[in-house]
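Some notes on the structure that comes next.
The values are calculated or read from the model by the stated rules, or taken from the named source; none is laboratory data. Nothing here was measured: the structure is a model prediction, and the numbers come from that model. Counting neighbours? That spans all protein chains shown, and the Cβs are built from the backbone with ideal geometry, glycine included. Areas reflect the complete protein model, heavy atoms only, side chains present, ligands, DNA and RNA absent. Shrake-Rupley method; radii C 1.70, N 1.55, O 1.52, S 1.80 Å.
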Amino acid sequence: MIDPSRTVAELKELRELTGDENGAQRVAWTDTWAQAREWLRGKLDGLSLEYELDEAGNQWWTLPGASERAVLIGGHIDSVPNGGWLDGCLNVMAGVEVMRRLAEDGQPAVTVRLVDWADEEGARFGRSLFGSSAAGGSMDDQDELRQRRDADGVALPDALRAHGVELDRALEARSQLEGAAAYLELHIEQGPVLESLNLPLGVVLGTFGVERHQVTFRGQAAHAGSTPMDKRRDALAGAARLELEIREIAKRVGGGAVCTMGGVVTRPGIVTSVVETAECLLDQRHLDANQLAEMLSNAEAASRRFAQEEEIEVDWERIWNIEPILFDEGLVELADESIREVAGESHRLPSGPLHDAAEVARAGVPTVMVFVQSLRGLSHTKLEDTKDEHLELSVQALDRLADKTIARVAAA
Ligand SMILES: [Zn+2]
């Protein structure tokens, strides 16, 4: 039998141990993180699990089953500085409870493994999903990572080495996903959707694809006093019109589309001049690759129209992009069923943030996530919270989902 109230008590114990008045301080590759990981190992001591630290610093606990095909349950115990008490570690601690129950029940039909991914947040070196991208095999930026330093000038490879990880060998963690037949991750929603629907739990369909661009409008600097309104080539006019247009584009495309102009820098940026250049940062996200492409081309077309009408120029430069990553339909069904069993009603939603689950899914392992409601939609702050009763329901849902997934993998 699982005891979901124990999970909540353990999360509070972890908060006491590794948080302060400003929130959670379990930043990856720090002493506090190492302390949290040691505490976690202690929680699993005494169960008949095999422990392994892989080449990327991920911690694994394996309960060997009748078959070597494995169901994985994962989360991350690292946090951002001044973070919340649930982001990442809820998944790990709920997984601990499920592993306890499974170990008690005797040998499962298939192997079950719990993973604590290293450095999901990327808070110290600005590189998110470190451990999962190494295990998933998508990590290809080692040359750049070798150059990275934290705010105190410590190089990334040195910080990793202090925790037993050699950057050059991190990709060897890929062997961990051999034989993986399913990956399950529970996480707080970190957004307001489930709370607004008054539902404790939901199934995640996948993570948004993202298109990030710098859009630069170029006009002509001119005196604010002597230039008549109809003689101006005002770069900010293009930026302003585009910022309003992306709202319409998101509304038109729908299906959860979001578009954000996160910054605009104007030059010369003085009160006595018409704006000569306006550099805009645009972020567009959608779960559907075609819709995302349409949003992007609509925004480009609109920017060219505005540029023409304002007699200015516009240029687009891609900063970063990632395809939408869809979770496994069969597992989405099982997660829906599990949620309905423990909470009555389920809801399907996309994830705006990326998660370790996206890296595992990208590596070809059938994956699903379950979200539990976040109060006020807040995360990455000490104000992050979820009702105890909802946390307990989430542990129950993960437990059911694990059982259903084990049965499905065993039957396949
Ligand atoms: Zn997280």
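In whole percent, what relative contact order does the stretch 21-124 give with Cα contacts below 8 Å and a gap of six or more residues? Present the calculation step by step, with values, prior to reporting the outcome.
On the way: 200 pairs, mean separation 41.0, N = 104.
Averaging sequence separation for qualifying contacts and normalising by length gives 39 percent for the stretch 21-124.
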Which of Asn82, Ala103, Leu72, positive extreme of dipole for the stretch 42-104 (C-beta unit charges): Ala103
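Nearest 500 deg cm²/dmol is fine: what mean residue ellipticity at 222 nm does the chain get from its DSSP H runs of n ≥ 4 alone, each adding -39,500 (n - 2.57), divided by its residue count? Please report the intermediate quantities before stating the final value.
Numbers: 12 runs with 157 residues, N = 412.
Calculated from helices alone, the mean residue ellipticity at 222 nm is -12000 deg cm²/dmol.
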Selection of trypsin sites (Lys or Arg not before Pro), the stretch 316-390, meeting DSSP coil and at most 14 other Cβ within 10 Å: Lys387
Charged-residue dipole, Cβ positions (Lys, Arg, Asp, Glu), the stretch 68-121 about Cα centre, Debye nearest 20: 280
Binned Cα-Cα distances of the chain, short to long, each 10 Å bin given as a whole percent: 5, 21, 28, 23, 13, 7, 3, 1, 0
For q = 0.12, 0.18, 0.19, 0.20 Å⁻¹, Debye-computed log10 I/I(0) when each Cα of the stretch 1-149 counts as one equal scatterer: -0.51, -1.05, -1.15, -1.23
Rg followed by Dmax, in Å, when the stretch 220-266 is reduced to its Cα trace: 14.9, 48
On Cα atoms only, tilt of 289-310 relative to the major axis of the chain in degrees: 20
Considering only the chain, percent of DSSP beta bridges that pair antiparallel, nearest 5: 70
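For Cα pairs less than 8 Å apart in space and 6+ apart in sequence, what is the mean separation divided by the residue count of the chain, i.e. the relative contact order in percent? Write down the numbers at each step before the final one.
Details: 935 pairs, mean separation 91.4, N = 412.
This gives 22 percent for the chain.
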Peptides 112-124, 54-66, 177-189 ordered by average Cβ neighbours within 10 Å, highest first: 112-124, 177-189, 54-66
Eligible lysines near Lys382 by straight Cα distance, threshold 24 Å, same-chain separation 8 or greater: Lys12
Table column - 3J(HN,Hα) (Hz), the stretch 339-345, Karplus curve with 6.51, -1.76, 1.60, x for Gly and Pro: 5, 4, 5, 9, 10, x, 10
Centre separation in Å (Cα based) which lies between the stretch 15-93 and the stretch 205-228: 42
Over the stretch 277-412, volume per residue of the alpha carbon convex hull, in Å³: 160
Electrostatic dipole magnitude of the stretch 334-412 [Cβ: Lys, Arg +1; Asp, Glu -1; Cα centre; debye, to 20]: 260
From phi via Karplus (6.51, -1.76, 1.60), per-residue ³J(HN,Hα) for the stretch 405-412 in Hz, x at Gly/Pro: 5, 4, 5, 5, 5, 5, 7, 6
Test item: Cα-centred dipole of the stretch 132-176, Lys/Arg +1 and Asp/Glu -1 on Cβ, debye: 120
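How large a share of the accessible area of the chain, in percent, is made up of carbon and sulfur atoms when the probe is 1.4 Å and the other protein chains stay in place? Present the calculation step by step, with values, prior to reporting the outcome.
Numbers: 8080 of 17500 Å².
Looking at the chain in its full context, I get 46 percent from C and S.
What does the charge add up to near Leu331, with Lys and Arg as +1, Asp and Glu as -1, over the other residues with Cβ less than 10 Å from its Cβ? Show your work: numbers first, answer last.
Details: positive: Lys404, Arg408; negative: Asp328, Glu329, Glu333, Asp336.
The answer is -2.
Ratio to report: Rg/Rh of the stretch 299-344, with Cα atoms as the point set and Rh obtained by the Kirkwood method; give two decimals. All intermediate terms of the calculation are to be shown ahead of the outcome.
Details: Rg = 22.1 Å, Rh = 15.0 Å.
Expressed as Rg/Rh, it is 1.47.
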For the chain, with +1 on Lys and Arg beta carbons and -1 on Asp and Glu, the positive-most of His347, Gly364, Trp33 along the dipole: His347
